[in-house]
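Colleague: Okay, here's the structure, questions in a sec.
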Amino acid sequence: MQRAAAKPAPSHRSGDRTCSFRRSRRSLIAASVGSGRPVRSSARQTLKVTPRTQKRKTPKAAAIVNRVETQSVTPPSVKKKISVAAVRSLAANDAAKSSLTTDGTLRVVHSISVRPSGTTLRRETVRKRKVVQMPPPMVAPSRMEIPAWMLKECRIEPARAGDQGEILQLLSSLPDAPTKAEFHASVDHPEHDANNRLVARLGGRILGHVEVSPRRIHLCGAVVDAAALDQVAVLPECRGAGHGQRLVKAAERRMRELGAVIGFSRTRIAPSFRELGWSVLGRDGTTVGRPSHILSRILELPARTGEPVTMRQWRHVELPAILRIYKQNVPQFVGPLVRSEAYSRWLISRCAFDSIIVALVGHDRYDLHETTARIVGYAIQDGNRILELLADPEFPGLERDILARVCSEAIENDRQEIVFESSSSDPLHKAIAARDQQRVSGDRMIVAKLFRPLEALRAVAPIVAARMNSEEIRETLELGIDAPDFRGSIIVSKGEATVHPGRVGRSYLRLSDDELVRLLLGQCDPAEAAAAGRLAASTHMAQKLASLLFPRTPLWYPIWDDLTA
C-alpha cells in the first residue's frame, strides 16, 4: 500500500517576504506608526507586503500616502478599548515624530477619527506664516474739530410765526422738553411778547433758542422787576462754537431793555453761565421718601394743637384763597414770583399739575367768600411730586397734617415714593428723608445776574431799616461796597436807610460782582466769604455790619412756575 504523498511545504520565492506575527493590539499600533508604511490587518492578523504591491505605487500615489497616511487597526469588536488607550498612544507617537522638513514646513496631526473600520490619523502640513504687525492704537483727539461753516457768527433775532415747527424739534433735545400744547400755551401768557423768544440763525437754519419771561420777584420782602431765562437750547452738532454764549448775551440785552433789575434761571449747565458772569445761588431742594415711612415719622412727632381741619380737593372758585396763603408765606424767601390772579389762572389753565388738596377750618359748604369755612393750607401735586405745600402762619404744624394726607392718598394709589420739592430750609425735608438725610438734586442749579445794582440796593433799603428797628438799634450805621460794577454805601439812621452812590466811607467791603449778587440776595455769609478770600473788609466793623444788614435768607424759586405741562 503506497503511502499518501506528503503535503508539499510552502515555497518561498526570493523576491517575496512573508512575516506573520501575533502581537497585542497596542504593539501592532506602535509598530505600524514606527514603520511609516501602510499596514492591513485581517482576521488572521497577518501582514503581507509584496514587491508587486510596491511596484504599483506611482510617485503620485506615494505623495498622497506621504501627505495622508491611513492606518487601520483591529476589528470593530475592540473599538471602545482603542479609543482610550490606542488613540492616546498614536497621538503621542505622531507628535513626537513631527519635525521640520527641508523646505521649512511642519507636519502635524490634524485630526483623529475612530470609526468601526479602524482609527484614522490625518496629517497636514503647516507652513510658517509671516508675523502680522498690528498698527498702534489710535488716540482719540482731545477735542473734536469744529467745521469751518459752524464757526461763522450766527444771527440772533426774534422768532417768526413760521418757526414753531423747527423750534419744537430743537427743544425736543432738552431734558424737560415742552409739548406742542405747552408751546402754544405760552402765547396766552398775560405778559406775552413775540420779541422775547430769540433764535440763532446760520445759513437759513435755526441753531439755537432762548426765551425771556418778564417777572416780578420777592427780594427779602421787597418786590423788584426781574426776568427769567428759560429753554436755552443749541443743536447738538453745533455745540462748542459759541452760539449758546451769543444767545445768552442777546437775552441779557433784552432783559435790560425790559427794565429788569435782576435775571434768574434754573439750569443744568451752571458752569457755562458762570463763565458769562452769572452767580450760582444754590440748588433746588428735593427730597425723596416712601409714604409709609413718612407717615410713621409724622406720628412720632407731637400732635398739632388748635382747631380741627378737614381736607378735600379744591374748587376753581377757591383760587383767591390759595393766592392769599401764597402771599402770606413768600416774604420770608428770596426768589418767589409775584402771582397775580390773571397769572395764576394762566398757571391753572396749563394743567401742569394733577390735583390740589386744600385744608379748611369750619363747616365745609359751597361758599364763594369763605364765610362758613376758611382755607388755611394747600398742596399742589403732579403725580408723585409735591410742587408746593404751604399753610397759614396762624396754624403752625398744619403742613405735617397736609403731608400726612398726601401720603395716605399715595398709599391708596400704590405709589412707592414721594418727591417733595421746596426750599432747602423747609423743615418738612427732615420728616420726608430717611435717616435725616436730605437728597438734593445735583443737576438743577439756580443762577442769577444783577443788571442794576443801585436799584436793587434801593429796593432792599427799607427792609434793612425795618430789620434794624426790630433789633432796636438806634445808632447810625454806614457800610460801603466797592465792586467792579457798583461803588457806593448804605446808611441807616433814625429808622431810615438811604443809598449813596460813589461813596464807600471808612468801613467798606471789597468784593467781586459775583459775591455782590449773593450778598444782596441774602446768599452770602461774610465771615465765610472772607475766610475763602472772596471778600475783603477794610475794618472788623465792616464785616459785622455786613452780617447785620444782609443776613442769610432762604432761597425758594418755585418749580410750579417753570414746570412744563
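Colleague: Treating only the Cβ atoms of Lys and Arg (+1) and Asp and Glu (-1) as charged, compute the dipole magnitude of segment 302-440 about its Cα centre; round to the nearest 20 debye.
Modeller: 200 debye
Colleague: Given segment 452-549, what percent of its DSSP beta bridges are antiparallel, to the nearest 5? Present the calculation step by step, with values, prior to reporting the outcome.
Modeller: Details: 16 of 19 bridges.
The answer is about 85 percent antiparallel.
Colleague: Could you tell me the convex hull volume per residue, in Å³, taken over the Cα atoms of segment 282-428?
Modeller: Values: hull volume 18.2 nm³, N = 147.
Each residue corresponds to 124 Å³ of Cα convex hull volume.
Colleague: Would you please give the residues with an amide H less than 5 Å from that of residue 224, counting only those at least 5 places away or on a separate chain, with H modeled from the backbone geometry?
Modeller: The list, which skips near neighbours in sequence, is 217, 219.
Colleague: May I pose another question? Can you give me the long-range amide H partners of residue 424? Hydrogens built in the peptide plane at 1.01 Å from N, cutoff under 5 Å, separation of 5 or more residues or another chain.
Modeller: 285, 555
Colleague: Right, another one. Using DSSP to call loops (not H, G, I, E or B), can you name the GluC sites (Glu not before Pro) in segment 319-408 whose Cβ has at most 16 other Cβ atoms within 10 angstrom?
Modeller: Working: sites: 341, 370, 388, 394, 399; in loops: 370, 394.
Passing both the DSSP loop test and the Cβ count: 370, 394.
Colleague: Follow-up question, since we're still on this one. Roughly what % of DSSP beta bridges within segment 154-283 run antiparallel, to the nearest 5? Mind dumping the intermediate values first?
Modeller: Working: 21 of 25 bridges.
Close to 85 percent.
Colleague: Okay, moving on. Can you tell me how segment 452-549 classifies by the Cα gyration tensor, rounded, prolate or oblate, using a/c under 1.5 as the rounded cut? Could you put the intermediate results ahead of the total?
Modeller: Values: a/c = 1.56, a/b = 1.33, b/c = 1.17.
Taking the square roots of the gyration eigenvalues as a ≥ b ≥ c, segment 452-549 is prolate.
Colleague: When the label point is put 7 Å from the Cα of residue 564 along its Cα-to-beta-carbon vector, which residues of segment 192-230 have a backbone N closer than 19 Å?
Modeller: It comes to 197-200, 206-213, 228-230, nothing else.
All of the numbers you see were taken from the coordinates with simple rules; none came from a lab. Being a predicted model, the structure only gives us computed values, none of them experimental. Every residue, glycine as well, gets a Cβ built from its backbone with ideal geometry; the counts of neighbours run over all protein chains shown.
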